[in-house]
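Nothing in this text is a laboratory measurement; each read-out follows from the coordinates by a stated rule. Here the structure is a predicted model, which is why all the values come from computation and not from measurement.
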Amino acid sequence: MPQSSAQRIQELESQRDQLKERLGRIGDMRQGSLVERYIPCGKSSCQCHERNPAGHGPYFSLTRAVEGKTKTRIIPTDSVPLAREQLAECRKFRELSRQLLEVSEMLCEARMSEGTRSLGSVVKKKPSKRP
């Protein structure tokens, strides 16, 4: 049995409210990518200058775009787990925001359709001015 438009609107409102609630639980977040790097040092006698060197490290850097320019910040190794959590929260925020926009769009369309149906019997077409 098909769902009534009122039921559909109520279902979409419930989905919207759940998404808003989940968005409210998002923790600290940051944008960017965490990159693990190994860097050779300046000592010519160091093993990191041998063939196919791994270099010293790992060193972690957080890279993100700011006003069209790439910004990089070195992250202390002991802060890497926190940075990963913050990046994950940002991804979660983006996904929930995408879902909220999608549900909101469907809700707007459902309400518009509901309004059009109820107005359809009231609104009468104006007579043509042509003879």
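Using each residue's phi in the stretch 107-112, evaluate 6.51 cos²θ - 1.76 cosθ + 1.60 at θ = phi - 60° and report the 3J(HN,Hα) Karplus result to the nearest Hz, with x for Gly and Pro.
Computed from phi, the couplings for the stretch 107-112 are 5, 4, 5, 5, 5, 5 Hz.
Please work out how much length the chain gains when fully extended from E11 to Y38, using 0.36 nm per residue of separation minus the C-alpha to C-alpha distance, in nm with one decimal. Each step should come with its number before you reach the end.
On the way: separation 27, 0.36 × 27 = 9.72 nm, distance 5.15 nm.
Contour length minus Cα-Cα distance gives 4.6 nm.
Starting from the amide H of I75, placed 1.01 Å from N in the peptide plane, find each other amide H under 5 Å away whose residue is 5 or more places distant or on another chain.
F60, S61, L62
Quick one: Karplus J couplings for the stretch 72-89, per residue in order, coefficients 6.51, -1.76, 1.60, θ = phi - 60°, nearest Hz, x for Gly and Pro?
10, 10, 6, 10, x, 4, 6, 9, 4, x, 5, 4, 5, 4, 5, 5, 5, 5
Could you compute Rg(Cα) / (2.2 N^0.38 Å) for the stretch 5-119, with N its residue count? Walk me through the numbers on the way to the answer.
Working: Rg = 23.7 Å, N = 115, 2.2 N^0.38 = 13.4 Å.
In units of the globular-protein estimate, the stretch 5-119 measures up at 1.78.
May I ask you to list the aspartates and glutamates whose Cα is less than 18 Å away from that of K20, ignoring any residue fewer than eight positions away on the same chain?
Straight-distance partners of K20: E11, D28, E89, E95, E102, E105.
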